[in-house]
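Novice: I am attaching a structure below and will ask some questions about it afterwards.
Nothing in this text is a laboratory measurement; each read-out follows from the coordinates by a stated rule. Values in this document were obtained by computation on a predicted structure and should not be read as measured data. Glycine also receives a Cβ, built like all others from the backbone with ideal geometry; neighbour counts cover every protein chain displayed.
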Amino acid sequence: MNERDPIRNQTIIAEKGKVSAPEWTKKIIERNRNLWKNKSCCNFEDHLNFWTNEISSKLNRLRGDENINPKFSIVVPAHNEEEYILQLLESISNQKNNNGGIEIIVVVNDSNDRTAEISRKCGAKVIEYKQDKPYPPVAYARQIGLEEAKGEIILSTDADIIVGENWVEKITQPIMEDDNVSVTIGDVNHYDGKLLHPTLLNPINKILRRCEIVFKTNKGLVAFSNIATKRQNIIDVNGWPQKNVAEDTILIRRLISIGNPVITNKETTVWSSGRRSMISYKDFIANSRKGGDHFVDKDGKLKITR
């Protein structure tokens with residue numbers, strides 16, 4: 001498979017995708033890509049164990065006393081995310097401040113790779129389940145994570161995201177300081193992609209996200225995979241909407257109905273893989289009509305991930 005082939009699997013994307021992001025983000029991505037590029041190497045497991053042990057040590061310090069409920073719960077749905085989950089957990093483990101304990105819950109949906117194993121090695125709490133009935137996997141996973149969470153404040157994000165070292169502190173600050181704030185929303189920037197280069201795509205998504213908050217117009221065209229709210233708030237609006245698409249957008253609308261939204265500053269911006277935009281415009285439009293997220297899987301086939 002050469003670089004001009006129209007079909008690219010996740011590994012090729014991980015090796016070839018040009019990164020457009022801050023230096024601290026690039027360092028995490030480079031370390032992750034180098035690890036998986038050498039997956040067949042005899043030292044792969046040693047390198048993997050060394051990194052997961054590093055992350056586990058830092059996450060344990062962030063979690064604090066297991067006998068005391070944490071202040072914050074970070075809920076992450078994951079489906080075959082072994083090549084991305086380390087980036088997320090590494091970035092979470094680098095948080096500078098911790099006012100009350102942080103737990104990470106990775107809800108692994110019907111995966112057949114090492115996502116659950118790696119997440120456990122890193123010290124995250126892992127919930128695994130099989131898709132044995134017709135429910136919307138991502139929305140269902142988010143709801144399972146919510147029900148398991150012990151924290152007063154829930155942070156919701158995705159498995160292919162990288163967060164900054166002040167993320168937890170800054171995105172939760174408005175909620176902790178003002179009872180009238182029902183949800184905080186941070187921007188989601190892509191660090192690579194094909195349909196639109198991140199330098200063009202990210203500003204467009206930023207505008208669309210704000211239009212949705214103010215005018216409720218975008219019909220789920222942008223992701224709200226960087227939010228924080230009180231656990232009770234989600235319960236008060238009947239939990240995560242069990243929809244195949246735009247469950248995050250619908251939740252935002254419901255949370256706005258019970259309080260004020262706050263768009264947080266650039267310190268809360270997270271960086272997401274552009275893997276879902278690594279296909280052609282034609283394929284993207286055609287497959288988006290089927291519902292859910294689609295991207296090229298390891299066999300070179302477009303795959304529904306929701």
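Novice: Among 115, 271, 233, which residue has its Cα furthest toward the positive end of the charge dipole of the stretch 10-272, with +1 on Lys/Arg Cβ and -1 on Asp/Glu Cβ?
Specialist: The residue sitting most towards the positive pole is 271.
Novice: Here's a follow-up. Using the 10 angstrom Cβ neighbour count as an exposure proxy, how do 91, 119, 111, 40 rank, fewest first?
Specialist: Starting with the residue having the fewest Cβ neighbours, the order is 40, 111, 91, 119.
Novice: With a 10 Å Cβ neighbour count serving as the proxy for reagent exposure, in which order, fewest first, do 107, 245, 262 appear?
Specialist: 245, 262, 107
Novice: For the stretch 59-215, what are the per-bin percents of Cα-Cα distances with bins 10 Å wide, up to the bin holding the maximum?
Specialist: All Cα pairs, binned at 10 Å, distribute as 10, 35, 37, 17, 1 percent.
Novice: From the alpha carbon gyration tensor of the stretch 10-272, can you work out the equivalent ellipsoid semi-axes (sqrt of 5 times each eigenvalue) and give them in Å, largest to smallest?
Specialist: Working from the Cα gyration tensor, I get semi-axes of 27, 22, 18 Å.
Novice: Quick check on my link table: of 125/194; 27/71; 18/230; 150/170; 39/206, which ones sit more than 31 Å apart, alpha carbon to alpha carbon?
Specialist: Over 31 Å Cα-Cα: 125/194; 18/230; 39/206.
Novice: At 0.36 nm per residue, and after removing the present C-alpha to C-alpha distance, how many nm does the segment from residue 46 to residue 66 gain when stretched out fully?
Specialist: Length difference between fully extended and current span is 4.4 nm.
Novice: Rounded to the nearest 20 debye, what is the charge dipole size of the stretch 10-272 about its Cα centre when +1 sits on each Lys and Arg Cβ and -1 on each Asp and Glu Cβ?
Specialist: Once rounded to the nearest 20, the dipole reads 600 debye.
Novice: With the alpha-carbon atoms as the only input, what is the per residue convex hull volume for the stretch 128-225 in Å³?
Specialist: In the stretch 128-225, the Cα hull volume divided by residue count equals 162 Å³.
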